[in-house]
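Enquirer: Take a look at the following structure, please.
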Amino acid sequence: MSGSGRAGVHIWAGQVPDTAAGQDVALLDERERHRFDAFGDAVTRARYAGARAAIRRTVARWHGVEPAAVRWGVARCPGCGSREHGPPYVRLPRSEWRASVSRSGEWWMLALSYRVPVGVDLERRSAPEAEAVVRRALTPEERAHVEAAGEGAQRDDALMRCWVRKEAVVKAWGVGLGTDLAEVAVRPWQDSAVVQRTGGGGAERWAVREVSVGEACVAALARPADVTAPVVVHGNGGGRTAARA
């Protein structure tokens, strides 16, 4: 699908049931089916199949093709060159839309960005993240910000806001969690933070901020800081909300 009239970043998010549907499982490709079979419990399998099928159907609608025509690929990791853990991309149908996906429990999220790298991440507010792991990913300033949030739900929310921003940034970079997240300063006290990075082409600036996809989740979006094209969040009913770029 051409980007004419639909440039920028488009975001969808949704929730899937805890029981696997046959039509969802039938849409999985070989790589997805292998992962589906490897999960140890029925609920995890159902959520995975439902999320992957929903994402595939959304990509198909956007490109005007049947869901079965959508093919995913794995790009080379910009850090090490491996195709085992590189960023995902829509291999078919061919287009200039870049993709990023995220899952947390029964929730899924998809971003399509016209010609520009993008990273998104979402987490359920009730997700059982290991606090010690998340805290090790914080900069000293972020750790102080979390401590100032107090105890209980407010502290958990501050931690989660740090985490989703960091994951969105490294997904946009294409390198994933192999990066030392404590070196990725995402400053959640700012509405939109600029993350500095030295890449192969020199100094880079990436903008990261939260995106509202519902009260049950915390979500974030990252893309190059010089991009000003709109961000559009698509509602469950097909509506659209233009978010601040």
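Enquirer: So what are the ³J(HN,Hα) numbers for the range 212-222, from phi and the Karplus equation (6.51, -1.76, 1.60; θ = phi - 60°), rounded to whole Hz, Gly and Pro as x?
Expert: Along the range 212-222, the couplings run 7, 10, x, 5, 7, 10, 10, 9, 9, 10, 10 Hz.
Enquirer: Please identify every one of the GluC sites (Glu not before Pro) in the range 1-99 that sits in a loop by DSSP and has no more than 12 other beta carbons within 10 Å of its own beta carbon. Please report the intermediate quantities before stating the final value.
Expert: Values: sites: 30, 32, 84, 96; in loops: 84, 96.
Qualifying residues, ordered by number: 84, 96.
Enquirer: Quick check: from the Cα gyration tensor, does the range 37-140 come out rounded (a/c under 1.5), prolate or oblate?
Expert: Taking the square roots of the gyration eigenvalues as a ≥ b ≥ c, the range 37-140 is oblate.
Enquirer: What's the Kirkwood radius of the range 91-229 in Å, using all Cα pairs?
Expert: The answer is 15.4 Å.
Enquirer: Among 108, 174, 159, which residue has its Cα furthest toward the positive end of the charge dipole of the range 86-245, with +1 on Lys/Arg Cβ and -1 on Asp/Glu Cβ?
Expert: Looking along the dipole axis, the top candidate is 174.
Enquirer: I would also like to ask the following. Rounded to the nearest 5, what % of the DSSP beta bridges within the chain are antiparallel ones? If you can, show how the numbers build up before the last one.
Expert: Values: 42 of 45 bridges.
For the chain, the DSSP antiparallel bridge percentage is about 95.
Enquirer: Label 7 Å along Cα→Cβ of residue 91; the range 26-41 residues with amide nitrogen under 16 Å?
Expert: 28-35
Enquirer: Determine the relative contact order of the range 34-173: mean sequence separation of Cα pairs under 8 Å and six or more apart, normalised by residue count, in whole percent.
Expert: 16 percent
Enquirer: While we're here: Remind me, relative contact order of the chain in percent, using alpha carbon pairs under 8 angstrom and six or more residues apart? Mind showing how you got there, number by number?
Expert: Values: 485 pairs, mean separation 47.7, N = 245.
Taking the mean separation of contacting Cα pairs over the length of the chain, I get 19 percent.
Enquirer: May I ask which residue of 65, 79, 20 lies farthest towards the positive end of the charge dipole of the range 9-90, with charges of +1 (Lys, Arg) and -1 (Asp, Glu) on Cβ and the Cα centre as origin?
Expert: Highest projection toward the positive end goes to 79.
Enquirer: Give me log10 I(q)/I(0) at q = 0.11, 0.14, 0.16, 0.18 Å⁻¹ for the chain, Debye formula, one equal scatterer per alpha-carbon, no solvent.
Expert: Relative scattering, expressed as log10 I(q)/I(0), comes to -0.57, -0.96, -1.26, -1.57.
Enquirer: Amide H of residue 195 versus every other amide H placed in the peptide plane: which residues, excluding those fewer than 5 positions away on the same chain, fall under 5 Å?
Expert: For residue 195, whose amide H was placed from the backbone, the distant partners under 5 Å are 206, 207, 208.
Enquirer: Starting from the Cα-Cα distance between residue 39 and residue 21, subtract it from 0.36 nm times their residue separation and give me the gain in nm to one decimal. Intermediate values should be presented prior to the final figure.
Expert: Numbers: separation 18, 0.36 × 18 = 6.48 nm, distance 1.59 nm.
Extending this stretch completely gives an extra 4.9 nm.
Enquirer: Largest first, how would 171, 166 line up by accessible area (1.4 Å probe)?
Expert: My answer, sorted largest first, is 171, 166.
Enquirer: With a 1.4 Å probe and every protein chain left in place, tell me how much accessible area residue 82 has, in Å² to the nearest 10.
Expert: 30 Å²
Enquirer: List every residue whose amide H lies under 5 Å from the amide H of residue 231, counting only residues 5 or more places away in sequence or on a different chain, with H placed 1.01 Å from N in the peptide plane.
Expert: 9, 243, 245
Enquirer: With the Cα gyration tensor of the range 1-97 giving a ≥ b ≥ c as the square roots of its eigenvalues, does the rule (a/c under 1.5 for rounded; else a/b larger than b/c for prolate; else oblate) give rounded, prolate or oblate? Please list the in-between numbers first.
Expert: On the way: a/c = 2.03, a/b = 1.27, b/c = 1.60.
Oblate, because a/c is 1.5 or more while a/b does not exceed b/c.
Enquirer: With every protein chain kept in the model, how would you rank 145, 63, 34 by accessible area, 1.4 Å probe, largest at the top?
Expert: The ranking, largest first, comes out as 34, 145, 63.
Enquirer: Still on this structure, please answer the following. Percent relative contact order of the range 108-188, based on C-alpha pairs within less than 8 angstrom and at least six residues apart?
Expert: On the way: 81 pairs, mean separation 31.5, N = 81.
Taking the mean separation of contacting Cα pairs over the length of the range 108-188, I get 39 percent.
Enquirer: If you place +1 on the Cβ of every Lys and Arg and -1 on the Cβ of every Asp and Glu, how big does the dipole about the Cα centre of the chain come out, in debye to the nearest 20? Don't jump to the answer; show the numbers that get you there.
Expert: On the way: 35 positive and 29 negative charges, 185 e Å.
Dipole magnitude for the chain comes out near 900 debye.
Enquirer: Provide the descending list of Cα extents for the range 129-179 along its principal axes, expressed in whole angstroms.
Expert: 34, 19, 16
The values are calculated or read from the model by the stated rules, or taken from the named source; none is laboratory data. Note that this is a predicted model, so its numbers are computed, not measured. Note: ideal-geometry Cβ built from the backbone for every residue, glycine included; neighbour counts use all protein chains shown. Keep in mind that these areas ignore ligands, DNA and RNA; they rest on the heavy atoms of the full protein, side chains included. Shrake-Rupley method; radii C 1.70, N 1.55, O 1.52, S 1.80 Å.
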